[in-house]
1. Just tell me which lysines come within less than 20 Å, Cα to Cα, of LYS141; anything on the same chain fewer than 8 places away is out.
2. Mind running the shape call on region 140-238? Use the C-alpha gyration tensor, a ≥ b ≥ c as the square roots of the eigenvalues: rounded below 1.5 for a/c, prolate if a/b tops b/c, oblate otherwise.
3. Please work out the FRET efficiency for the pair ALA77 and GLU218, using the Cβ-Cβ distance as r and a Förster radius of 30 Å; give the result to the nearest 0.05.
4. Out of region 100-179, which GluC sites (Glu not before Pro) are coil in DSSP terms and have no more than 13 other C-beta atoms within 10 Å?
5. Please compute the contact order of the chain in relative form: average sequence separation of alpha-carbon pairs under 8 Å and at least six residues apart, divided by the residue count, as a percent.
6. Gain in length, LYS148 to ASN5, computed as 0.36 nm per residue apart minus the alpha-carbon separation, to one decimal in nm?
7. Go ahead and estimate [θ] at 222 nm for the chain from helices alone: -39,500 (n - 2.57) per DSSP H run with n ≥ 4, summed, over the residue count, rounded to 500.
8. Are there any trypsin sites (Lys or Arg not before Pro) in region 82-128 that are in a DSSP loop and have at most 14 other Cβ atoms within 10 Å? List them by number.
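Every number here is computed from the coordinates shown, using simple stated rules; none is lab data. Quick caveat: nothing in here was measured; it's all calculated off a predicted structure. No Cβ is skipped: glycine too gets one built from the backbone with ideal geometry, and neighbour counts run over all protein chains shown.
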Amino acid sequence: MQILNLESGTSFQMGKGKNWRVVHPDMGATQITLNHGQHAPGQEFTQHIHDESEDMIVVLEGGGHIRQGDVYTPIIAGDGIFVPAREVHGTVNTTDQPARLISFQSPPDMALYRGERDHPNNSPTPESGHRSGVQVIPMAKAGPVFGKSGDWRSVVSPEKGSQHLSLDYVQLDVGEAFTHDPLSAESIYVLIGGGAVVQTNGETSTLGLRDVIFLNPEDTFSLSQTGSEPTTLLHCWALVK
């Protein structure tokens, strides 16, 4: 288990914004990755395709549009955008405020980090007649996960069409806590609101805004809400057959 922060990533080039890889193969991940982007008004994350990877984009701050060729779909803070493999997609900050986004991918797409997807003057476009599988989902309104401590929402899962990753949106009220059950695959938590304390192997760590927990298969921990405000997290994990 590793505790990271969105601000601690390694930069990579894609479009005009600032982009960082936070969880990636160079630091030990083999099944899932996490990227972080900050885009000024007018900046675009170039349209591209992942040959095998599914993409789960989350808007943390600001907004804009998902672009697929000449079609622009609005997105705002709190939205999750599920992108199946081989779907043309990019993001554009069409607002007058900065935008902050993160994206999870499984399996990892190393071509993205090598710059092989960044072709702003020759980006792919959807074929005529194609029915897009991209979904824009208000995460807090997604279907509930029952039997959990706190309010867990299933944003994307195999029941909703994914093959390589799942993502839950989690809110803990004051005093609530949970234990992460070991999985057979890598997973990532991102704290996007409030604070928390994590305990694992007899050690205690305090989490703040934008802290990240990267878990190897079979890792476990307990997490407790702290402070006077609810704690909000994202949990994304790879689906390994």
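1. Cross-link targets: LYS160.
2. Details: a/c = 1.88, a/b = 1.24, b/c = 1.51.
It comes out oblate by the Cα gyration axes.
3. Numbers: r = 34 Å, r/R0 = 1.13.
Efficiency at R0 = 30 Å is approximately 0.30.
4. Working: sites: GLU116, GLU127, GLU159, GLU176; in loops: GLU116, GLU127, GLU176.
Of the GluC sites (Glu not before Pro), the ones in loops of region 100-179 whose Cβ has at most 13 other Cβ atoms within 10 Å are GLU116, GLU127.
5. Values: 656 pairs, mean separation 47.2, N = 241.
Relative contact order here is 20 percent.
6. Numbers: separation 143, 0.36 × 143 = 51.48 nm, distance 2.58 nm.
That works out to 48.9 nm of additional length.
7. Numbers: 1 runs with 4 residues, N = 241.
Taken over the chain, the calculation gives 0 deg cm²/dmol.
8. Values: sites: ARG86, ARG100, ARG114, ARG117; in loops: ARG86, ARG114, ARG117.
The qualifying sites are ARG86, ARG114.
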